[in-house]
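Inspection log for the structure reproduced underneath, given as structure tokens.
The values are calculated or read from the model by the stated rules, or taken from the named source; none is laboratory data. What you are looking at is a predicted structure, and each value in this text was computed from that prediction instead of being measured. No Cβ is skipped: glycine too gets one built from the backbone with ideal geometry, and neighbour counts run over all protein chains shown.
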Amino acid sequence: MFKILKTLIFVLFFMFIFNNVCRAEEYTNYNDLIENGKTLDGRMVEIKGEAIGEAMTRGNFTWINISDGSNGIGIWVKNEDANKIKTFGSYKYKGDIIKVSGIFKRACSEHGGDMDIHEESLAIESIGYKVDRSLENSKVFKSLFLSAATLVLLGVYYMKRLKGQ
């Protein structure tokens, strides 16, 4: 047992001493990025999320928005990199999941003071797809029942109101 413990400590020691240094910190929860905006301003970050909305081309660059499910952030990308994105998320589609490395700007003077990321590299992690949004039979039945009940109650209300006058 002592040999296993000693070996485990030895391995952990070397894992922390000889780990690879990444030049960009990765964010998948944008709340962390937003809350630490002051300290991360001007630094290289790596962010991953779903491409949403649509691409907005502006000369040689394109605005895209990506979301982590609760927040979104604008990414300023080169046109050739923006063209890699084939599916943008909407009600009917799950957008491409992309990973972007770039310079985080807390209040970008080039873009009206908005928070954004200026892309250095972009990679497609997974391809988007169409979302099947079929209507459940139980929901159809409930809505028809509640509509009929509403009409009956309205009829009763107006009948009583007419008799009362």
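Remarks
- I64 meets each of the listed conditions (1) at pLDDT below 95; (2) buried (at least 18 other Cβ atoms within 10 Å of the Cβ) apart from (1).
- Screening R106 with (1) farther than 30 Å from K38 by Cα; (2) among the basic types (K, R); (3) touching a Lys or Arg at 6+ places or on another chain (Cβ under 8 Å) gives one miss only, at (1).
- Annotation: V156 fulfils all but one of (1) among the β-branched types (V, I, T); (2) part of a strand (DSSP E or B); (3) farther than 28 Å from K38 by Cβ; the unmet one is (2).
- Checking K78, K105, K92, K99 one by one, the residue that is surrounded by fewer than 14 Cβ atoms within 10 Å (Cβ to Cβ), assigned by TED's automatic domain parsing to the domain that holds S126, modelled with pLDDT of 90 or more and of a type in the set (K, R) is K92 and no other.
- Residue within region 111-127 that is touching a residue at least 12 places away in the same chain (Cβ under 8 Å) and assigned to a helix (DSSP H, G or I) present: yes
- Screening region 15-38 for residues that are in a helix (DSSP H, G or I) and surrounded by fewer than 10 Cβ atoms within 10 Å (Cβ to Cβ) and picking the one that is modelled with the highest pLDDT gives K38.
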